[in-house]
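Here is the structure we will look at.
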Amino acid sequence: MTRLPINNTIPGVAAAPKPAPAPEPEQPGAGHTGRHWTFLSTHAQVAVCIARDPGIRLRDVAAYCGITERAVQKIVSDLEAEGFIERIREGRRNRYILHRDRPLRHPLGQHRTLGALLSLITGPEPKA
């Protein structure tokens, strides 16, 4: 029995090239090191998703925000309890109404409304 050299190659036979590593998925803030963070809280991200599509499924919000569906349910409950959104049942689905006139909760932003924050991200609210 012939033993292969330590590098597991057969003399006179070219080794197969190693496949290139799969590219890393593009991440927000790519090129930066350290922890992942964003300027918008998950509550704000959920509100933006609802502003863009008031009939969006929470499963889709979770996928878009990169959090669990259960976390989105909790955030929607928080926003509903504080009067920022209203949940309307339409058959088997929910539709959400954003109360854009509500002031933001943090003392640094209480002089601004939810609508003002959303318009920075989504653009001005369409006129009805």
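Of all residues in the range 104-128 being in contact with a helix residue (DSSP H, G or I) (Cβ under 8 Å, 6 or more places away or on another chain) and of a type outside the set (Val, Ile, Thr), which is farthest from Leu58 (Cα to Cα)? Among those that are in contact with a helix residue (DSSP H, G or I) (Cβ under 8 Å, 6 or more places away or on another chain) and of a type outside the set (Val, Ile, Thr), it is Gly109. The single condition among (1) part of a strand (DSSP E or B); (2) on the phi > 0 side of the Ramachandran plot that Gly83 does not satisfy is (1).
Within the range 36-44, can one find any residue that is part of a helix (DSSP H, G or I) and over 24 Å from Leu120 (Cβ atoms)? Let's see the steps before the verdict.
Initially, the range 36-44 is screened for residues part of a helix (DSSP H, G or I), giving 42-44.
Filter once more, keeping what is over 24 Å from Leu120 (Cβ atoms): none.
Taking every residue of the range 36-44 in turn, none turns out to be part of a helix (DSSP H, G or I) and over 24 Å from Leu120 (Cβ atoms).
Results for (1) assigned to a loop (DSSP other than H, G, I, E, B); (2) buried (at least 16 other Cβ atoms within 10 Å of the Cβ); (3) in contact with a strand residue (DSSP E or B) (Cβ under 7 Å, 6 or more places away or on another chain), shown as yes or no for each residue.
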position	(1), (2), (3)
Val46	no, yes, no
Cys49	no, yes, no
Pro54	yes, no, yes
Arg59	no, no, no
Ala62	no, yes, no
Arg70	no, no, no
Arg87	no, no, yes
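Restricting the search to the range 66-93, which residues are over 27 Å from Arg112 (Cβ atoms) and over 17 Å from the mean Cα position of the chain (by Cα)? Result: Arg89, Glu90, Gly91, Arg92, Arg93. If you go through the range 94-108 and keep only what is over 20 Å from the mean Cα position of the chain (by Cα) and within 13 Å of His43 (Cβ to Cβ), you end up with Arg102, Leu104, Arg105, His106. In the range 36-54, of all residues being touching a Phe, Trp or Tyr at 6+ places or on another chain (Cβ under 8 Å) and in contact (Cβ under 8 Å) with a residue 40 or more places away in the chain, the one that is farthest from Ile97 (Cα to Cα) corresponds to Ala47. For the range 105-115, the candidate set comprises residues that are out of contact with any strand residue (DSSP E or B) (no Cβ under 7 Å at 6 or more places or on another chain) and touching a residue at least 12 places away in the same chain (Cβ under 8 Å); within that set, the residue that is nearest to Gly55 (Cα to Cα) is Gly115.
Read the figures in this text as sums done on the coordinates, not as results from a lab. From a predicted model like this one, the values you see are computed outputs, not experimental measurements. Quick reminder, even Gly has a Cβ in these numbers, built from the backbone with ideal geometry, and neighbours come from all protein chains shown.
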